[in-house]
Amino acid sequence: MPDPSGVKDFRRPQQFAVYRGEKYLGLWTVDVVQTETTSSVGEVEIWAKKAIVSGGVKAGSTPIIEYKKALDSSWSQLDASAVNMLSATSFKATIAGLEDGTVYQWRILVDGAAGSVASFTTEKITVVPNLNFDTWIQSGKNWFANSIADDYEAAGAYWATGNEGVTSSLAGGNDPITVPVEGSDAYKGKAARLRSITGVTLVGAAAGNLFIGKYKTNMMKPSASVTFGRPYTGARPTKMTGYYKYKPEPINNGGSIPGTLTKDQCHIYIKLWDTAGNEFAYGEFVGSVEVTSYTKFTIDIDYKNLNARPAAMTIVATSSRYGGEFEGAKVVGQVGHGSTLYVDEFELLYE
């Protein structure tokens, strides 16, 4: 009889003498049969609270998807309605209701046999400062939607406005165009009021604005005063909601972009960029009618590259949609003097 430890070839059955100590127990015949693989795990599209898994199965088989937190011992079974057969041998399935920033495992069962186990980690949701617009500080005439009187590079600066530009003596020393309000003017706590003005020295007009980014006045090239975006590496949001009210005014600044408006429009949008600076996600809301009481808006965020991950993000609100269009030092976007936008309680939603 051969030594079992040295046998590697099982193309035909092999026989081994079996002993317990020195007592002979009998002759065992070992026959190794290679079985066909019934399932294979594929790619996973990972979000904060869901994962879209894919895989393959033997033709004619029905896959059962099981998943669990990596540290748990028991498996949960995905409802069959969440499994979409793409062909006789491939599928996609959405595992929803997951926790962000968590390691999960998943596997495929076919005819009661479990396949290999694969892992994924959901995206981590991070806090975006002051989305409820309750935090403000004043320095001189200017208001800042931060915990510090700065909207450029100081620690704690995250949101920015164009207030420092319009209140400067070179622009005519106007009152700030973005300020906090409360009481009946807010939806909850405090809100932001954004007001557009025309007749501004040098630039001609200024739209009330509030955005994630930096502001540093550049009177020689006003369009360069604004830098949109701050570092953001958190989970990818799928929607943004908030509350607004708006009073548009007739266009009166002689602007040429787009040149078709008779009344102003407000604009709220979100953008995300990847590490190479490419914009890969965008969503917007445009308001063109008067809204006298706070109304909820919902923005669907469209991702044109599902493999990209965020490195920076901006959220922008403005009382004049085209107030940021410049030609040289002049605003050439259409603006209506006095157009006023109130915004409050922004929220990012995740799937």
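The values are calculated or read from the model by the stated rules, or taken from the named source; none is laboratory data. Everything quoted here is computed from the prediction, not taken from an experiment. In this analysis, Cβ positions are derived from the backbone assuming ideal geometry, glycine residues included, and neighbour counts consider all displayed protein chains.
Taken as a whole, the range 260-283 holds no residue that is on the phi > 0 side of the Ramachandran plot and in contact (Cβ under 8 Å) with a residue 40 or more places away in the chain. When you go through (1) more than 23 Å from LYS263 (Cβ to Cβ); (2) assigned by TED's automatic domain parsing to the domain that holds ARG230 one by one for ASN132, which number turns out not to apply? Among (1) more than 23 Å from LYS263 (Cβ to Cβ); (2) assigned by TED's automatic domain parsing to the domain that holds ARG230, the lone unmet condition for ASN132 is (2). Residues in the range 283-318 that are more than 19 Å from the chain's Cα centre (by Cα), of a type in the set (A, V, I, L, M, F, W, C) and surrounded by 16 or more Cβ atoms within 10 Å (Cβ to Cβ): VAL291 only. Listed by position, the strands (runs of 3 or more DSSP E) enclosed by the range 279-351 that each have at least 3 residues that are more than 14 Å from TYR269 (Cβ to Cβ) and out of contact with any Gly (no Cβ under 9 Å at 6 or more places or on another chain) are 291-300. Of the numbered criteria (1) surrounded by 20 or more Cβ atoms within 10 Å (Cβ to Cβ); (2) of a type in the set (S, T, N, Q); (3) in contact (Cβ under 8 Å) with a residue 60 or more places away in the chain; (4) under 22 Å from TRP159 (Cβ atoms), the one THR178 fails is (3).
Filtering PHE211, PHE228 for residues that are at pLDDT 95 or above, touching a strand residue (DSSP E or B) at 6+ places or on another chain (Cβ under 6 Å) and surrounded by fewer than 20 Cβ atoms within 10 Å (Cβ to Cβ) leaves a single hit, PHE228. Going through the range 92-114 one residue at a time, which ones are assigned to a strand (DSSP E or B) and surrounded by fewer than 16 Cβ atoms within 10 Å (Cβ to Cβ)? Scanning the range 92-114 gives ALA96, VAL103, ALA113, ALA114.
Assess whether ASP150 counts as being free of Cβ contacts under 8 Å to residues at least 24 places away in the same chain, part of a loop (DSSP other than H, G, I, E, B) and surrounded by fewer than 20 Cβ atoms within 10 Å (Cβ to Cβ). Full working, then the answer.
Details: free of Cβ contacts under 8 Å to residues at least 24 places away in the same chain: yes; part of a loop (DSSP other than H, G, I, E, B): yes; surrounded by fewer than 20 Cβ atoms within 10 Å (Cβ to Cβ): yes.
Considered against the rule, which asks whether it is free of Cβ contacts under 8 Å to residues at least 24 places away in the same chain, part of a loop (DSSP other than H, G, I, E, B) and surrounded by fewer than 20 Cβ atoms within 10 Å (Cβ to Cβ), ASP150 comes out as yes.
Among the residues making up the range 223-282, those that are under 27 Å from GLY338 (Cα atoms), among the polar types (S, T, N, Q) and under 29 Å from the mean Cα position of the chain (by Cα) are SER223, SER225, THR227, THR241, GLN265. Looking only at the range 227-250, residues that are hydrophobic (A, V, I, L, M, F, W, C), more than 18 Å from ALA155 (Cα to Cα) and assigned to a strand (DSSP E or B) come to 1 in all. Within the set LEU170, LEU202, the sole residue that is surrounded by fewer than 14 Cβ atoms within 10 Å (Cβ to Cβ), assigned by TED's automatic domain parsing to the domain that holds TYR342 and at pLDDT below 95 turns out to be LEU170. Within the range 142-171, the set of residues being closer than 18 Å to THR318 by Cβ and among the aliphatic types (A, V, I, L, M) comprises ALA145, ALA160, VAL166, ALA171. Per the listing ARG230, ARG236, ARG193, the residue uniquely farther than 29 Å from GLY101 by Cα and in contact (Cβ under 8 Å) with a residue 12 or more places away in the chain is ARG193.
Would you be able to say whether some residue in the range 58-74 is more than 30 Å from ILE301 (Cα to Cα) and in contact with a Leu (Cβ under 6 Å, 6 or more places away or on another chain)? Yes, some residue in the range 58-74 is more than 30 Å from ILE301 (Cα to Cα) and in contact with a Leu (Cβ under 6 Å, 6 or more places away or on another chain).
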